[in-house]
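What follows is a single structure, written as structure tokens, with notes after it.
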Amino acid sequence: MKIQLDLSKTPFSLHHTLSCGQTFRWEKHGEWWVGVARETAFKIRQTNSTLEFKSSKEDSASEFIWNYFRLDDDLSQVYSKVAKDRYLNQAVKRFNGLRLVRQEPWECLISFVCATHANIPAIKQMISNLSRRFGDPIRFEDETFYAFPTPRSLARSTASELRLCKLGYRAENVLKTSKLVDTGDFDIETLKTTPYESAKAELMKLPGIGPKVADCVLLFSLDKLEAFPIDVWMKRIILQYYPRHFEREFVAKIKEKKGLSPREYQTIYEFGRKYFGEYLGYAQEYLYHYKRCEALP
């Protein structure tokens with residue numbers, strides 16, 4: 001199956017989108033990206049303006065691809081709002097067509113609970129282990145893939161079983177969160193229609209979820225483009241590119257610290273909201289990927 005894009009109106013780069021660290025279940029195999037999303041296995045590649053894809057559920061694949069890769073977002077509008085300095089302009093030029101994705105909220109939630117204090121290869125391994133152990137198998141082109149586990153399948157596990165998936169201390173938080181979702185005490189889907197600040201507050205009531213993880217879930221699965229995840233990379237970006245927007249004492253203080261207090265995190269968020277506007281989530285992803293690629297050997 002194919003989708004033909006007009007890149008002048010709908011700029012899109014499959015490679016930049018899937019390699020920027022926002023999702024953990026895609027791998028590059030030759031010219032194809034292979035992954036699992038919403039209980040469906042996919043193989044997809046881009047040749048200029050053509051997206052060619054195969055999936056284990058062909059009937060609604062085109063609609064899913066369009067929605068998942070946010071091809072409805074007006075990137076020209078996004079760029080006009082956020083590319084207001086040379087750093088963003090450089091990032092937009094280098095990674096033109098990078099789009100945020102609409103992940104399934106439950107999977108995104110558990111993925112970023114696992115992402116706490118872990119690098120991307122370790123996160124991918126944890127998600128793969130969980131899916132193989134607790135997810136349903138998917139046969140596709142003579143290969144076996146695995147759906148992400150349901151809340152019930154994880155809720156019925158034990159912390160010991162989850163630690164076998166290399167989750168470490170995160171196992172307890174994953175188990176507690178899974179039980180809350182399985183019983184209906186926490187309904188992540190309702191947060192799609194909840195205002196950003198309220199939705200973030202609700203997420204932070206869950207075990208192991210601080211402001212950064214909450215912002216990742218809000219940005220990557222709940223359509224909150226005003227979310228602004230601030231991790232060690234974003235802290236470096238603030239210190240290197242934007243220190244003049246903060247008081248000198250604040251810059252000196254966070255420079256000497258490994259992490260950020262909730263108040264410091266909020267101070268940086270408020271700068272981002274004022275400076276980048278309604279699409280600051282896109283600004284974050286472009287800056288994050290730009291800085292991370294600078295550091296790669």
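Out of segment 191-234, which residues are basic (Lys, Arg) and in a helix (DSSP H, G or I)?
The first filter runs over segment 191-234 and keeps only residues basic (Lys, Arg), leaving 192, 200, 205, 212, 224.
Scanning segment 191-234 gives Lys192, Lys200, Lys212.
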* To do: Taking the residues in segment 269-297 that are surrounded by 17 or more Cβ atoms within 10 Å (Cβ to Cβ) and out of contact with any helix residue (DSSP H, G or I) (no Cβ under 6 Å at 6 or more places or on another chain) as candidates, determine which candidate is nearest to His15 (Cα to Cα).
  => His289
* Asked: surrounded by 21 or more Cβ atoms within 10 Å (Cβ to Cβ) and more than 30 Å from Ser55 (Cβ to Cβ): does that describe Ala171?
  -> yes
* Only one of Ala155, Ala171, Ala147, Ala159 is modelled with pLDDT of 95 or more, small (Gly, Ala, Ser) and within 19 Å of the chain's Cα centre (by Cα); which? -> Ala147
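Would you confirm, using the coordinates I've provided, whether Lys212 is at pLDDT 95 or above, surrounded by 15 or more Cβ atoms within 10 Å (Cβ to Cβ), touching a helix residue (DSSP H, G or I) at 6+ places or on another chain (Cβ under 8 Å) and of a type in the set (Lys, Arg)?
Working: at pLDDT 95 or above: yes; surrounded by 15 or more Cβ atoms within 10 Å (Cβ to Cβ): yes; touching a helix residue (DSSP H, G or I) at 6+ places or on another chain (Cβ under 8 Å): yes; of a type in the set (Lys, Arg): yes.
Yes: the conditions hold for Lys212.
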* Structure fact -> Counting only helices (runs of 4 or more DSSP H) wholly inside segment 235-297, the ones holding at least 1 residues that are aliphatic (A, V, I, L, M), over 20 Å from Phe220 (Cα atoms) and free of Cβ contacts under 8 Å to residues at least 40 places away in the same chain are 248-255, 280-295
* To do: May I ask you to list the residues in segment 24-54 that are of a type in the set (Lys, Arg) and either modelled with pLDDT under 95 or out of contact with any helix residue (DSSP H, G or I) (no Cβ under 9 Å at 6 or more places or on another chain) (or both)?
  => Arg38, Lys43, Lys54
* Which residue, of Leu218, Leu222, is closer than 19 Å to Lys274 by Cβ, crowded, with 21+ Cβ neighbours inside 10 Å and in contact (Cβ under 8 Å) with a residue 12 or more places away in the chain? -> Leu218
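Would you call Arg152 surrounded by fewer than 18 Cβ atoms within 10 Å (Cβ to Cβ), over 13 Å from Ser56 (Cα atoms), touching a residue at least 24 places away in the same chain (Cβ under 8 Å) and among the basic types (Lys, Arg)? So that I can check it myself, show each step before the final result.
Working: surrounded by fewer than 18 Cβ atoms within 10 Å (Cβ to Cβ): yes; over 13 Å from Ser56 (Cα atoms): yes; touching a residue at least 24 places away in the same chain (Cβ under 8 Å): yes; among the basic types (Lys, Arg): yes.
Here the answer is yes, as Arg152 does meet what is asked.
The values are calculated or read from the model by the stated rules, or taken from the named source; none is laboratory data. Note that this is a predicted model, so its numbers are computed, not measured. Neighbour counts run over all protein chains shown; Cβ positions are idealised from the backbone, glycine included.
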